[in-house]
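Presented below is the structure to which this report refers.
The values are calculated or read from the model by the stated rules, or taken from the named source; none is laboratory data. Fair warning: this is a prediction, and the values are worked out from it, not measured in the lab. Because the Cβ atoms are built from the backbone with ideal geometry, glycine has one as well, and the counts that use them run over all protein chains shown. What goes into the accessible areas is simple: the full protein's heavy atoms, side chains included, and nothing from ligands, DNA or RNA. Shrake-Rupley method; radii C 1.70, N 1.55, O 1.52, S 1.80 Å.
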Amino acid sequence: MPLHERDIHYFVDITLAHLNKITGNEIALRDPTIEFQSLVFSAYTGLIHLKGTAEGFVYFTASQQFLLHLDNSRHGRARTTEDSCRDVMKDITGTIAHTVHKRFGPALHVSEPRIFSTVPDDPIEMPPAVFVQPLIWRKEHAYFVLGLASSETT
């Protein structure tokens with residue numbers, strides 16, 4: 001049985017709650033889209049694979065400036081290294097993975113987040129439709145992406 005619509009919203013809600021905690025509720029949402037043919041990637045991406053009652057992935061992808069702004073908000077200083085961007089992405093995806101695991105337990109296996117700074121080397125199998133929620137903060141863009149299929153159809 002696929003995830004209920006409220007469970008799908010849960011993925012977006014936990015991501016936004018974490019980002020709003022860091023930014024002081026300054027994240028602006030743009031109209032979400034459903035993608036059927038391609039995935040969106042930015043400078044840095046944190047990917048989590050999901051297996052169980054639903055199969056697929058969730059990832060967060062953002063520009064370097066978006067992540068540097070987040071890092072500055074968290075630490076009160078601007079670091080400009082690739083490591084700081086990867087640290088911020090690891091924090092975001094780690095929070096998503098931990099919270100999803102707490103909510104769904106053993107019914108949904110949540111992989112360790114994988115962080116990369118380009119399009120992934122190994123292809124990500126795309127479900128028939130992928131939800132994309134664009135976010136903007138300080139004129140910089142990020143995207144929350146969720147691709148799920150019923151475990152019965154995979």
Exercise. Roughly what % of Cα-Cα distances in the chain sit above 19 Å, to the whole percent?
Worked result: 50 percent
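Exactly which trypsin sites (Lys or Arg not before Pro) in the range 94-142 are in a DSSP loop and have at most 11 other Cβ atoms within 10 Å?
Details: sites: Lys102, Arg103, Arg114, Arg138, Lys139; in loops: Arg138, Lys139.
Listed in order of number, the matching sites are Lys139.
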Problem set entry | Cα centre as origin, Lys/Arg/Asp/Glu Cβ charges: the chain dipole, Debye | 560 debye
Problem set entry | Dipole of the chain, positive direction: furthest Cα of Thr95, Gly24, His49, with charges on the beta-carbon | Gly24
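Keeping every protein chain in place, order His98, His49 by accessible area at 1.4 Å, biggest value first, i.e. largest first.
Listed by decreasing accessible area, they come as His98, His49.
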Seminar exercise, completed: Looking only at aspartates and glutamates whose Cα falls under 14 Å of Lys21's and that sit 8 or more positions away or on another chain, we get Asp13, Asp71, Asp91
Problem set entry | Amide hydrogen neighbours beyond the local backbone of Ser42, cut-off 5 Å, H modeled | Ala62
Problem set entry | Amide H partners (placed H, <5 Å) of Gly52, local residues excluded | His109
Seminar exercise, completed: As straight-line cross-link partners of Lys51, the qualifying lysines (C-alpha separation under 18 Å, not fewer than 8 residues apart within one chain) are Lys102
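Where in the range 1-51 are there trypsin sites (Lys or Arg not before Pro) that are in a DSSP coil and have at most 16 other Cβ atoms within 10 angstrom of their Cβ? Mind showing how you got there, number by number?
On the way: sites: Arg6, Lys21, Arg30, Lys51; in loops: Arg30.
Answer in residue order: Arg30.
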Exercise. Which value, in Å² and to the nearest 10, is the accessible area of Asp13 when all protein chains are kept and the probe is 1.4 Å?
Worked result: 90 Å²
Seminar exercise, completed: Per the C-alpha gyration tensor (a ≥ b ≥ c, the square roots of its eigenvalues), the range 80-133 is rounded if a/c is under 1.5, else prolate if a/b beats b/c, else oblate; here it's oblate
